[in-house]
Amino acid sequence: MKNYYNKNFKANYNTVEIIDSNVKRLLAKNPSPFTFYGTGTYIIGHDDLAIIDPGPLIESHIFNLLKLLKSAKKVSLFITHTHADHSPAAKVIKENIDCTSYGYGPYKRKKFDTNFEEGHDLTFKPDIYLNDGELVNGDGWTIRAIHTPGHTSNHMCYGLEEQLILFTGDHIMGWSTTVIVPPDGNMTSYIESLKKVLNYKYKIFYPTHGGPITKPRQFVNALIAHRLMRQTQIINELSKNNLTIKEMVSKFYKTTDKRLWPAAEKSILANLLSLKDKGVVVDEDNKKVKWKVI
Ligand SMILES: [Zn+2]
């Protein structure tokens, strides 16, 4: 998978970047091992604007965004999912201008949930709940909502139909794999949602974090192969020895930044739960317990 990632990205904070004929981007300054250089808020249209992920509660980012939005005739906010680096600015924008928010739905707090990655925005509730495949029309744009559960259960990708662009949120990123944190994150759904975007003919993907994916079909097929490879690797290792999740991470992620190991533990857990659903492995769902193949 390493050969497919593209880490070339120039972070231009406090600048409205032109991405495509009808698309601009504002980058929030919230870099981290999960967000790369920060949250990219996409702005589609001219007078009638569609915003993909207004972003985190960072004053300078919201200030820059509001400056753009205040001169628009109409504003629609599309939320890919309710992680704290994607949706919270929607609330402040709604307090300042008249606009409508769209999304799959609010985050439903799950038992045993952890405030992992960038944390959850538990307050966001869209004005309009979108269904899978639904279209929203604006002046000069048509947005298609595609429900892509896996990273979170309420994740949506948004297609800009006129230009065959897909805004992939955190579902598919060009610089890294996405983090799957159970119980809300689900590996079986994630792999299904990867296959789902292949049903569409989008020519380029713009993730929330990092640069575009210019060969999307090739990239998604490689991602699916990579996730399935990890499951095969887990089965092979567990066929030799029963292992804890920590032991698997130190075997499989030797060359990965150690700051990402806690996230890798969650991804391994997500894989194990997916394999458990298929009846391949058993556990006691406890960190200290060694997992085994059945
Ligand atoms: Zn996220």
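Side notes on the structure shown:
- Dipole magnitude of segment 125-264 about its Cα centre (Cβ charges: Lys, Arg +1; Asp, Glu -1), debye to nearest 20: 760 debye
- The phi-based Karplus calculation (6.51 cos²θ - 1.76 cosθ + 1.60; θ = phi - 60°) puts the 3J(HN,Hα) values of segment 224-232 at 4, 4, 5, 5, 5, 4, 4, 5, 5 Hz, whole numbers, x for Gly and Pro.
- Here the relative contact order of segment 2-216, from alpha carbon pairs under 8 Å that lie six or more residues apart, stands at 17 percent.
- Relative exposure of E17, E59, E265, judged by other C-beta atoms within 10 Å (fewest first): E59, E17, E265
- Mean separation of Cα pairs under 8 Å and 6 or more residues apart, divided by the residue count, gives segment 179-294 a relative contact order of 32 percent.
- Gaussian network model of the chain, springs between alpha carbon atoms under 10 Å - residue of Y104, Y253, Y202 with greatest fluctuation: Y253
- √(5λ) per eigenvalue of the Cα gyration tensor, segment 179-235, largest first, Å: 21, 14, 11
- The chain - Debye-derived log10 I(q)/I(0), Cα point model, q = 0.12, 0.13, 0.15 Å⁻¹: -0.75, -0.87, -1.13
- Under 12 Å, Cβ to Cβ, from K201 - net charge with Lys/Arg +1 and Asp/Glu -1: +2
- Entries of K67/K125; K195/K246; K266/K290 with Cα pairs more than 22 Å apart: K67/K125; K195/K246
- F63-N137 pseudo-label distance in nm [points 7 Å out on the Cα-to-Cβ vector]: 4.0 nm
- Cβ crowding within 10 Å, taken as a proxy for footprinting-reagent exposure, orders V293, V249 from fewest neighbours to most as V293, V249.
- Estimated 222 nm signal from helices in the chain, with DSSP H stretches of n ≥ 4 weighted -39500 (n - 2.57), rounded to 500: -8500 deg cm²/dmol
- Under the convention that each Lys and Arg Cβ holds +1 and each Asp and Glu Cβ holds -1, the size of the dipole of segment 122-182 around its Cα centre is about 220 debye.
Read-outs: derived from the displayed coordinates by stated rules, not from any lab. Keep in mind that what you see is a predicted model, and the values were worked out from it rather than measured. Cβ: placed from backbone, ideal geometry, glycine included. Neighbour counts: every protein chain shown.
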